[in-house]
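A.B. asks: Below is a structure I'd like to ask you about.
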Amino acid sequence: MKVIFVCSPFQGKKENIEKAKKYCRMLVDMGYIPIAPHVYFSQFMNDHNPEDRRKALNMNKKLLEFCNELWVFGDEITEGMREEIEYFKKIKGDDKIKWIKEIEELVINQ
């Protein structure tokens, strides 16, 4: 079973967490294990606190090492997402990244 890192905007916004949860559910339904640290870490860390944000991004990088692929959701690429994408490219390669512009693409491409 593949482990997929969910790379999507967070920026401390509740609506972004709700979107990430939907992405995770879709991945589970597709037979994958989703890793979305912004859903988990937001429960006890403050993205608006620079120290917490830096710690979270460092933990995200460690989790990326355990993932088979990184899936980028949506059109917006935030600074944190860019950092995750660049790190993943460095450790796993460009060919392990999927760019998902719309959720419907997940259903269509399966």
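A.B. asks: Loop-only GluC sites (Glu not before Pro) in region 1-91, please: DSSP not H, G, I, E or B, and at most 12 other Cβ atoms within 10 Å.
C.D. replies: In loop regions of region 1-91 (DSSP not H, G, I, E or B), the sparsely surrounded GluC sites (Glu not before Pro) are 65, 76.
A.B. asks: Could you work out what % of the accessible surface of the chain is carbon and sulfur, using a 1.4 angstrom probe and leaving DNA, RNA and ligands out of the count?
C.D. replies: That share works out to 52 percent.
A.B. asks: Now for a separate question. Among the chymotrypsin sites (Phe, Trp or Tyr not before Pro) in region 19-65, which ones are in a DSSP loop with at most 14 other Cβ atoms within 10 Å of the Cβ? Mind listing them?
C.D. replies: On the way: sites: 23, 32, 40, 41, 44; in loops: 32, 44.
Loop-located and lightly packed - 44.
A.B. asks: Averaged per residue, what accessible area in Å² does the chain show with a 1.4 Å probe, protein chains only?
C.D. replies: I get 60 Å² per residue for the chain.
A.B. asks: Before anything else, pin down the relative contact order of the chain: Cα pairs under 8 Å, at least 6 apart, normalised by residue count, whole percent.
C.D. replies: 32 percent
A.B. asks: Still on this model: Lysines within cross-link reach of residue 55: Cα-Cα under 24 Å, excluding same-chain residues under 8 positions apart?
C.D. replies: Once the sequence-local lysines are set aside, what remains near residue 55 is 13, 14, 19, 21, 89, 90, 92.
A.B. asks: Based on Cβ point charges of +1 for Lys and Arg and -1 for Asp and Glu, what charge dipole magnitude is obtained for region 48-103 about its Cα centre, in debye rounded to the nearest 20?
C.D. replies: Its charge dipole is roughly 240 debye.
A.B. asks: Calculated from DSSP H runs of 4 or more alone, at -39500 (n - 2.57) each and per residue, what is the 222 nm mean residue ellipticity of the chain, nearest 500?
C.D. replies: -15500 deg cm²/dmol
A.B. asks: Here's a follow-up. With +1 on each Lys and Arg Cβ and -1 on each Asp and Glu Cβ, how big is the dipole of region 1-81 about its Cα centre, in debye rounded to the nearest 20? Display every interim value, and only then the final one.
C.D. replies: Details: 12 positive and 11 negative charges, 41 e Å.
Result for region 1-81 is approximately 200 debye, rounded to the nearest 20.
The values are calculated or read from the model by the stated rules, or taken from the named source; none is laboratory data. What you see is a predicted model, and the numbers here were worked out from it, not measured in a lab. Here the Cβ is made from the backbone with ideal geometry for all residues, glycine too, and neighbour counts use every protein chain on show. To get the accessible areas, we keep the full protein, side chains included, count just its heavy atoms, and leave off ligands, DNA and RNA. Shrake-Rupley method; radii C 1.70, N 1.55, O 1.52, S 1.80 Å.
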